[in-house]
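Here the structure comes first, spelled out in structure tokens, and everything after it is commentary.
Values in this text are rule-based calculations from the coordinates and carry no lab data. Since we're looking at a predicted model, the values are computed, not measured. Every residue, glycine as well, gets a Cβ built from its backbone with ideal geometry; the counts of neighbours run over all protein chains shown.
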Amino acid sequence: MRKINDCKIVQNLLPNYIDGITDNELNAYIEEHLNNCEKCSRVKQNMDDNITMENANTIKEVKYLKKIKKKAIFTIAICLILLFALLCGLDYYFNYEHIANWKYTNIIVQSEEFDYQTNTAYNITYIFTFNKKGICVDTRLLLSNLNKDMIDVFSEAITETATEIANVQILDNKITVNIDMYNGMKKEEIINWANSFSYDIIEI
């Protein structure tokens, strides 16, 4: 009867014994019983085999997860590289390529005008910039040989049309501004416009 009770006690203690959380006194008791009890020895052996199998499965799972993690990291890295390449391509297309397209062709239109109000002659110069398709993308207007009264008059006119101009510079007897009203026009249209006023045209 004591042996049956000992078997139950030992088998209940075996999980803790295998995990190494029993004290020395219990260890001696369990080991003595295992040496003399074939049934409990088989129970312990089965537990050891199960633990070994579980450990092997755990190792396999860990290796599999590591493999999956490496693949995921590799996939993410490839995606980031492709995304970076795409962004660089878009940046090149919308910035460098766009700028490169519109800085090739320029037309300078010049004219000498006379202001009867101030009885003074002055010069007008338009600098048109076109892209490769011949579309105007930038226009710079230069007014030169202006006296003080004319600078005041033109400055006031520029202020009234502020929505169509930008980058106004007044220096000595000159005024330079960027104007938007010609942007989007074809080169032929601007040449025809200049010819209609008999302006001098210089194509660069």
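May I ask for the net charge around Lys187, where only other residues with Cβ less than 10 Å from the Cβ of Lys187 are counted and Lys, Arg are +1 while Asp, Glu are -1?
For residues surrounding Lys187, the net value is -1.
Tell me, Ile30, Ile135 in order of fewest to most beta-carbon neighbours within 10 Å?
The order, fewest Cβ neighbours first, is Ile135, Ile30.
Residues with amide H under 5 Å of Asp138's amide H, sequence separation 5 or more or different chain, H placed in the peptide plane at 1.01 Å from N; which?
Excluding prolines and chain starts, which carry no amide H, the hits are Thr129.
Could you give the length gained by full extension between Asp172 and Glu32, i.e. 0.36 nm per residue of separation minus their alpha carbon distance, to one decimal place?
My answer for the length gained is 39.3 nm.
Subtract the Cα-Cα distance of Asn183 and Ile21 from 0.36 nm times their separation in residues, and report this length gain in nm to one decimal.
Gain on stretching Asn183 to Ile21: 49.8 nm.
So for Tyr29, Tyr116, Tyr126, Tyr64, fewest C-beta neighbours within 10 Å to most, what's the order?
The order, fewest Cβ neighbours first, is Tyr116, Tyr64, Tyr29, Tyr126.
Please work out the FRET efficiency for the pair Thr58 and Asp91, using the Cβ-Cβ distance as r and a Förster radius of 45 Å; give the result to the nearest 0.05.
Computed FRET efficiency for Thr58 and Asp91 comes out at 0.40.
Quick one: net charge around Leu142, please, counting Lys, Arg +1 and Asp, Glu -1 for every other residue with C-beta under 15 Å from its C-beta.
Net of charged neighbours comes to -3.
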